[in-house]
Ligand SMILES: [Zn+2]
């Protein structure tokens, strides 16, 4: 279960100050009933107990500040007691889920149909590795395909990129060897092809194992090199373009409808046309100047403070505060659907439910 979540939102994508991953329980716990929530609150915990859930997956970290005590008469301590007593695993995916491809920010950009979407604030560039393998003639296609199918050689809009050069490989099988070519004690000279390709660090294990499977040799000669080139860019927020420019007022109406909110807080001239849009789910006020610097006409986020709104006004960029909850809630059904799809592909019969506590604020 946790592997499925961590493939979607790898822990290494979390920001340094964050606390993500398994909060309560153990990795090997058997899980049949899962509850997905934005925050673990007493309401979420009571529902989980009542409905015999084995696991709660939350977006906001269940444990964040180091604990100095666990007091049962306080809500936070009570929830820890309840989780342990009722054997409920708690797992949180926070900034790693914001940053992840397909995560909170991509969902928000997708919900507004943004095009040409890029990361607003890069937080990590994936390191790349060069993989070189020596393959006897006749087997180069099989090995190359296996590596490419496992994700090697992906450059821009191209996959399976490799460079191949022919040469002579030499080896002498020792006494206990079971050589594919040659015999023990005799130096062999074999026509081989050096295949080189590049891959994101996170895929190297998978690619090497696919390569070893397709390679005919007992002992395969291959090298892994670190390279200075950087791979995919991950980060907070997204920036892109509306399909066609809208007035700020029309964009507000659009957002209200798509995010299901009745009101928004807006900075800027409502009659002004906007096209380049930056978004950041949750509390994204700290990226106002970044969005303005990248030329956004409008920045949509939640939890904006007075000075951040003022900063937007000074730069001339429009700003929409659609609320922390409303800019993040899309992730709830997304996580649930993702888990259901992955689990059913594995033939697992697991119940996944969403507990949506709704917006805590009311407008009066
Ligand atoms: Zn949040």
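We did not get these values from a lab; they are worked out from the coordinates using the rules stated. If you're wondering where the values come from, they're calculated on a predicted model, not measured in any experiment. In this analysis, Cβ positions are derived from the backbone assuming ideal geometry, glycine residues included, and neighbour counts consider all displayed protein chains.
What number does the chain give for Rg over Rh if you use C-alpha atoms and the Kirkwood radius?
Using only Cα positions, Rg/Rh for the chain is 1.09.
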message = Let me check against my output: what whole-number percent is the relative contact order of the chain, with C-alpha pairs under 8 Å and at least 6 apart?
response = 19
query = Per 10 Å bin, what percent of the C-alpha pairs of the range 127-226 does each bin hold, from zero upward?
reply = 16, 47, 27, 9, 1
query = When the chain is modelled as a GNM with alpha-carbon springs shorter than 10 Å, which of 123, 327, 315 fluctuates the most?
reply = 315
key: Between helix 306-315 and the chain: long-axis angle, C-alpha atoms, 0 to 90°, nearest 10   = 70
inquiry  = Rg and Dmax in Å for the range 50-193, alpha carbons only: what are they?
reply    = 27.1, 78
ask   = Relative to the longest principal Cα axis of the chain, at what angle does helix 204-214 sit, 0 to 90 degrees, rounded to 10?
value = 40
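Using only helices, what value at 222 nm comes out for the chain when you add -39,500 (n - 2.57) per DSSP H run of length 4 or more and divide by the total residues, to the nearest 500 deg cm²/dmol? Don't skip to the answer; put the middle values down first.
Details: 12 runs with 110 residues, N = 364.
Result for the chain, helices only: -8500 deg cm²/dmol.
Can you give me the relative contact order of the range 53-167 as a percent, contacts being Cα pairs under 8 Å and 6 or more apart? Could the numbers behind the result be given before it?
Details: 75 pairs, mean separation 20.1, N = 115.
The value is 17 percent.
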request  = In nm, give the distance between the simple-model label positions of residue 241 and residue 362, each being 7 Å from the Cα along the Cα-to-Cβ direction.
outcome  = 4.4
task = Mind giving me the nanometre distance, one decimal, between the label points for residue 314 and residue 19, set 7 Å out from Cα along Cα→Cβ?
result = 3.4
task = Could you tell me whether the range 44-109 comes out rounded, prolate or oblate from its Cα gyration tensor? Rule is a ≥ b ≥ c as square roots of the eigenvalues, rounded for a/c under 1.5, then prolate if a/b exceeds b/c, otherwise oblate.
result = oblate
message = Apply the a/c threshold of 1.5 to the C-alpha gyration tensor of the range 245-364 and tell me whether it is rounded, prolate or oblate.
response = prolate
Spacing of the two label points (7 Å from each Cα toward its C-beta) at residue 46 and residue 60, in nm = 1.8
request  = Specify the angular offset, from 0 to 90 degrees and rounded to the nearest 10, of the alpha carbon long axis of helix 248-259 from the longest principal axis of the alpha carbons in the chain.
outcome  = 70
ask   = Where the centroid of each part is defined by its Cα atoms, how far is the range 183-212 from the range 260-318 in Å?
value = 51
query = Is any residue of the range 1-36 close enough, with backbone N under 11 Å, to a label point placed 7 angstrom from the Cα of residue 67 along the Cα-Cβ axis, and if so, which?
reply = 23-25
message = Just to verify a number: FRET efficiency for residue 137 and residue 11, C-beta to C-beta distance, R0 = 41 Å, to 0.05?
response = 0.45
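Which FRET efficiency value, to the nearest 0.05, do you get for residue 258 and residue 341 by plugging their Cβ-Cβ distance into 1/(1 + (r/R0)^6) with R0 = 22 Å?
On the way: r = 23 Å, r/R0 = 1.05.
It comes out at approximately 0.40.
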query = Which of 312, 292, 146 moves the most in a Gaussian network model of the chain with Cα springs under 10 Å?
reply = 146
message = Apply the a/c threshold of 1.5 to the C-alpha gyration tensor of the range 239-303 and tell me whether it is rounded, prolate or oblate.
response = oblate
